[in-house]
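To keep things clear, I will list the structure first and then write my remarks on it.
Here, each number is a calculation from the coordinates, and none is a lab measurement. Just so it is clear, the structure is predicted and the values come from calculations on it, not from any experiment. Glycine also receives a Cβ, built like all others from the backbone with ideal geometry; neighbour counts cover every protein chain displayed.
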Amino acid sequence: MIQDLDNSIYDNSYHDYKIRDIDRVIICNERTVLLKNINGKIEFPTIREFKSFSEYTYLFSINNIRYFTVSDAVISDASYTYENIEIFRTALPKEERFAGITGFQLCSWYNSHKYCSRCGNGLIHDIHERMLRCPECNMTNYPTISPAIIVAIVNGDKLLITKYAGRNYKKYALVAGFAEIGETLEETVKREVYEEVSLKVKDIKYYGCQPWSFTSSLLIGFFAKVDGNTNITIDGEELSEGRWIDRKDMNDIEDDGITLTREMMIAFKEGKFKF
Ligand SMILES: [Zn+2]
């Protein structure tokens, strides 16, 4: 999955580091990030490549390489351009694509949290942890992470696969949705399954999870057995398709090395998940 970096080490502990010439910079602008893309191999600029910038914020390190975001940046090397974050679904190396999408989540959060939402005063960064504080009313702000479930609904040797309506992502998916206020993840699973495909489920079992910075989410994957009626009625606003696929007909579904969804499909296809 996108967070699996083999032997590389991602260190997200916050430090009040001073920026250096060799440090890498991740800057976002809406749904794009500044980078150099050479046939799918990506690079982020280092501080050396900038003519000027105003403020900087430390993000995280991978293998002792430090990543920062900076504001009001003027870059001198025109080979760095703003690319849509979808590039991080395929780009290499793994460390840079994970840094890119994780840095995008943080950069977007910093960009949209410049002022206190309670009193309107400018926020300042805490020196000990990744947190923004209002010096006027002391309100604290931590990076937003929204929990969302993915559920593989199983009916004997069949798996329920879906396609989402109105999205760029056209491949087969699983039922998924954000947790709502006041519910457990198992309740989210039951509610989303009923809303999207009008089925009931039982024997909900945890499979695994992944950070999904494309939507500032933490995705939590479950398997569940269909309970009773197996007739699918899709919610046409959320889904364009929803159907049962037999395990033996899943030959053209392969692991993408990126998504929990695909890993769960493969786990079902290869009979690796047992209730
Ligand atoms: Zn305030």
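Karplus-based coupling profile of the stretch 59-64, in residue order and whole Hz: 9, 5, 10, 10, 6, 6, with θ = phi - 60° in 6.51 cos²θ - 1.76 cosθ + 1.60 and x standing for Gly or Pro. Most simply put, the stretch 146-269 has about 70% antiparallel DSSP beta bridges, counting only bridges with both residues inside it.
Using a/c under 1.5 as the rounded threshold, could you call the chain rounded, prolate or oblate? The axes a ≥ b ≥ c are square roots of the C-alpha gyration tensor eigenvalues, and prolate needs a/b larger than b/c, oblate otherwise. Here the chain falls in the prolate category. For the chain, a Gaussian network of Cα nodes joined below 10 Å ranks 236, 120, 208 by mean-square fluctuation, and the top entry is 120. What the Cβ-Cβ distance of residue 74 and residue 22 gives, at R0 = 22 Å and to the nearest 0.05, is a FRET efficiency of 0.70. With unit charges on the beta carbons (Lys and Arg positive, Asp and Glu negative) and the dipole taken about the Cα centre of the chain, which residue among 12, 230, 165 sits farthest to the positive side? Going by the charge dipole, the pick is 230. Straight Cα distances below 28 angstrom link residue 248 to the lysines 158, 163, 170, 171, 190, 200, 202, 205, 225, 269, 272, 274, with same-chain residues fewer than 8 positions distant left out. Each residue, residue 4 and residue 191, gets one label point 7 Å from its Cα in the Cβ direction; the gap between the two is 3.2 nm. Between the stretch 30-55 and the stretch 207-233, the C-alpha centres lie 34 angstrom from each other. A Gaussian network model of the chain, with springs between Cα atoms under 10 Å, assigns the largest mean-square fluctuation among 133, 89, 97 to 133. Less than 5 angstrom separates the built amide H of residue 207 from those of 221, 222, 223, all sequence-distant by 5 or more or on a different chain.
Considering only alpha-carbon pairs that sit under 8 angstrom and 6 or more positions apart, the relative contact order computed for the chain is 16 percent.
Among 192, 86, 237, the largest mean-square fluctuation in a Gaussian network model of the chain (Cα springs under 10 Å) belongs to 237.
Here's how it looks for residue 50: its modeled amide H is under 5 Å from those of 76, which are all 5 or more places away or on a different chain. Computed over the stretch 34-105, the percent of Cα pairs more than 17 Å apart is 42.
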